[in-house]
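Enquirer: Dropping the structure in here first, questions after.
The values are calculated or read from the model by the stated rules, or taken from the named source; none is laboratory data. The model shown is predicted, which means the values in this text are computed figures rather than measured ones. As a convention, Cβ positions derive from the backbone with ideal geometry for all residues, glycine included, and neighbour counts pool all protein chains shown.
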Amino acid sequence: MRMATSQHIQRIQTGFLSTRQHLLTALVIVVLPAIFLVATSRVAGITTKVLLIDVLVSSWRLVIAYVIAAALGWLCAIAFYRGRRAALALPIFDVLQSFPTFALLPIVRIAWGPSNVTVIAALVITVIWPIFFSVVSAVKHHRQDWEEAVRIANLRGFPYLRYFLWPISVRGLITGSIIGLGEGWEALVATEMIVGNPNGLGQFFLASAANPLATTLGILALLAIIFSVNKMLWLPLLEWSHQTVEE
Amino acid sequence: MRAALILQGVRKTFRTEDGQTIVALDGVDLTIPTGGFTILIGPSGCGKSTILRILSGLERTFDGTVTFDPDVRASHLGFVFQQFALLPWLTVRENIALGLIARSTPNAVRSNTVERELERFQLVQFADAYPRELSGGMRQRVGFARALAMDPKVLFLDEPFSELDSFTASQLRKELLAIWHERSLTIVMVTHIIEDAILLADQIAVVTPRPGHIERVFTNTLPRPRDRRSPSFFALEDQLEASLKP
């Protein structure tokens, strides 16, 4: 009995330490590039404020698109992961996910012009598929006797969602989010360039095309954000999600 | 004798990946007496767990009929799994409460029932631990507690001691018998260990394979507590061994 309790404490400590390590690493990744950005922007002849505003506007668009894609992707995955609905819908979703997002951009731009909505719509279409398929995979592939224990308990409706579907889907949601956001950054910059939004990183890269130092600075800013978010948020979440289904 | 469950003419087939049909069970007839301790015994792969799954409602595609006593409903069934089947993201307390949550049992009643089972299975100290932090024996205790928290009338057990060391298994066997008496349960258990069958059951159904069917049903009238060194124990053991021989 004592052994199990000390193992419990040890695991909690290990989890805490790894989270602390992530935070320290993230601090290094955030603070150093920030100092670097301020210094280099002077040399590149642009104001740090311009770069920061473009980074923030782009990040904000991606965050909004991610929230919509995660909610929609998760709901669709839960609605269509098995049964007759899955047999009908999954092949259609499989074709749709292969459809290039940029082919839809002209239509989206006609509908909403060079606006935030256009960029966000394009991003949602890009980010949703990895989330959807990762969640479907997570809820389909788990230990059979968990499902049977839940059936014997007669868990249905909201309790089934809360105590079973949500916990088994979280790992897929996190993995899908990491992949989706990776693809999202690429789509974000390209969409902002094509659509011609007045600000954002895409516009920054277009405007700085003749200034290699400013372009490099933009790329470094982008990398700093991606690394920080991964280290601070996604990696700890991924570790935690693996722990929750560990037996 | 009142029957809790009756299996009649049960046939179960599986389809292999190359399109072949395998008959897992054929012509299975069995009556489970109310309040009795029935054990299905047989070699690995003979279909005894499939019979248990059909009885418990986990397996729904089969031919034949399963008749329940009118007093037994689906919510009166409990199941203890071979590999515990605890949900690893829930604590011991939450795992035990699972069936009560499903029934929307009021919080106070749920809490009292969970506490009762925690105490019954000496799990109070581990109420807030996760299954991964427990030994195999403790996990199976949680499995028992979860099944019994629902106050089942019929309890199904699929080789519940096979993942445990012999000392823990022996302890849990004694506790199972005590619970059976305390709560007037109907128990249906699967095992491949003849000694377990004789020690625990008062009805032993021998299942033989290809295709799985009930070869013979023994009524075990040995007095309790059973003495595994008694001549009548050995005699029944010999009879069961003879029935199980291919």
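Enquirer: Are any residues in the range B:145-173 farther than 26 Å from B:Val72 by Cα and charged (D, E, K, R), and if so, which ones?
Expert: B:Glu163, B:Asp165
Enquirer: A further question follows. Report whether or not B:Thr38 is part of a strand (DSSP E or B), out of contact with any helix residue (DSSP H, G or I) (no Cβ under 6 Å at 6 or more places or on another chain) and without any contact (Cβ under 8 Å) to a residue 40 or more places away in the chain.
Expert: No: the conditions fail for B:Thr38.
Enquirer: Give the residue that is farthest from the other protein chains (Cβ to nearest Cβ), with candidates limited to residues of the range B:62-106 that are part of a strand (DSSP E or B) and touching a helix residue (DSSP H, G or I) at 6+ places or on another chain (Cβ under 7 Å).
Expert: Checked the range B:62-106; the qualifying residue farthest from the other protein chains (Cβ to nearest Cβ) is B:Val66.
Enquirer: Can you tell me which residue among B:Ile214, B:Ile187, B:Ile198 is within 21 Å of the chain's Cα centre (by Cα), in a helix (DSSP H, G or I) and closer than 30 Å to B:Arg11 by Cβ?
Expert: Answer to the check: B:Ile198.
Enquirer: In addition: What number goes with the only condition from (1) more than 17 Å from the chain's Cα centre (by Cα); (2) modelled with pLDDT under 95 that B:Gln83 does not pass?
Expert: All conditions are met except number (1).
Enquirer: Restricting the range B:16-35 to residues that are among the charged types (D, E, K, R) and assigned to a loop (DSSP other than H, G, I, E, B), which is nearest to B:Thr219 (Cα to Cα)?
Expert: Ranking the candidates gives B:Glu17 first.
Enquirer: Still on this structure, I have one more. State all residues of the range A:222-247 that are within 11 Å of chain B (Cβ to nearest Cβ), in a helix (DSSP H, G or I) and either of a type in the set (A, V, I, L, M) or surrounded by 19 or more Cβ atoms within 10 Å (Cβ to Cβ) (or both); if no residue qualifies, say none.
Expert: Answer for the range A:222-247, where residues must be within 11 Å of chain B (Cβ to nearest Cβ), in a helix (DSSP H, G or I) and either of a type in the set (A, V, I, L, M) or surrounded by 19 or more Cβ atoms within 10 Å (Cβ to Cβ) (or both): just A:Ser241.
Enquirer: Still on this structure, please answer the following. Taking the range A:193-209, which residues are under 16 Å from A:Leu52 (Cβ atoms) and assigned to a helix (DSSP H, G or I)?
Expert: Residues satisfying the conditions are A:Leu201, A:Gly202, A:Gln203, A:Phe204, A:Phe205, A:Ala207.
Enquirer: Is there a residue in the range B:133-151 that is more than 25 Å from B:Phe37 (Cα to Cα) and either in contact with a Phe, Trp or Tyr (Cβ under 9 Å, 6 or more places away or on another chain) or more than 11 Å from chain A (Cβ to nearest Cβ) (or both)?
Expert: The answer is yes, given that some residue of the range B:133-151 is more than 25 Å from B:Phe37 (Cα to Cα) and either in contact with a Phe, Trp or Tyr (Cβ under 9 Å, 6 or more places away or on another chain) or more than 11 Å from chain A (Cβ to nearest Cβ) (or both).
Enquirer: Taking only the range B:42-58 into account, find how many residues are within 14 Å of chain A (Cβ to nearest Cβ), in a loop (DSSP other than H, G, I, E, B) and surrounded by 19 or more Cβ atoms within 10 Å (Cβ to Cβ).
Expert: Qualifying residue count for the region: 1.
Enquirer: Kindly list the number of the only condition in (1) modelled with pLDDT of 95 or more; (2) outside any helix (DSSP H, G or I); (3) more than 10 Å from chain A (Cβ to nearest Cβ) that fails for B:Asp128.
Expert: The number of the failed condition is (3).
Enquirer: Moving on. Looking only at residues that are β-branched (Val, Ile, Thr) and in contact with a Ser or Thr (Cβ under 8 Å, 6 or more places away or on another chain) in the range B:7-37, which one is nearest to B:Gln203 (Cα to Cα)?
Expert: B:Ile32
Enquirer: Let me ask you something else. Tell me whether the range A:210-221 contains one or more residues that are farther than 18 Å from A:Thr244 by Cα, more than 14 Å from every other protein chain (Cβ to nearest Cβ) and not in a helix (DSSP H, G or I).
Expert: Within the range A:210-221 (the criterion being farther than 18 Å from A:Thr244 by Cα, more than 14 Å from every other protein chain (Cβ to nearest Cβ) and not in a helix (DSSP H, G or I)), the answer is yes, since at least one residue qualifies.
Enquirer: Output the residue which, of all residues in the range B:118-132 that are surrounded by fewer than 22 Cβ atoms within 10 Å (Cβ to Cβ) and either acidic (Asp, Glu) or within 16 Å of B:Gln83 (Cα to Cα) (or both), is farthest from the chain's Cα centre (by Cα).
Expert: If we take residues in the range B:118-132 being surrounded by fewer than 22 Cβ atoms within 10 Å (Cβ to Cβ) and either acidic (Asp, Glu) or within 16 Å of B:Gln83 (Cα to Cα) (or both), then B:Asp128 is farthest from the chain's Cα centre (by Cα).
Enquirer: Shifting gears a bit: Of the residues A:Ala187, A:Ala207, A:Ala111, A:Ala122, only one is surrounded by fewer than 16 Cβ atoms within 10 Å (Cβ to Cβ), among the aliphatic types (A, V, I, L, M) and away from chain B (no Cβ under 14 Å); which?
Expert: Just one listed residue meets the conditions, A:Ala111.
Enquirer: Restricting to the range B:152-180, and then to whatever is more than 13 Å from every other protein chain (Cβ to nearest Cβ) and in a loop (DSSP other than H, G, I, E, B), can you tell me which residue is nearest to B:Leu98 (Cα to Cα)?
Expert: Only one residue fits best here, namely B:Lys153.
This table checks each residue for (1) assigned to a helix (DSSP H, G or I); (2) among the acidic types (Asp, Glu).
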| position | (1), (2) |
| --- | --- |
| A:Pro114 | no, no |
| A:Thr126 | yes, no |
| A:Phe164 | yes, no |
| A:Arg171 | yes, no |
| A:Thr175 | yes, no |
| A:Ile179 | yes, no |
| A:Glu186 | yes, yes |
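Enquirer: Something else about it: Considering the range B:63-87 alone, what residues qualify as being β-branched (Val, Ile, Thr) and closer than 24 Å to B:Ala169 by Cβ?
Expert: Within the range B:63-87, just B:Val80 meets the criteria.
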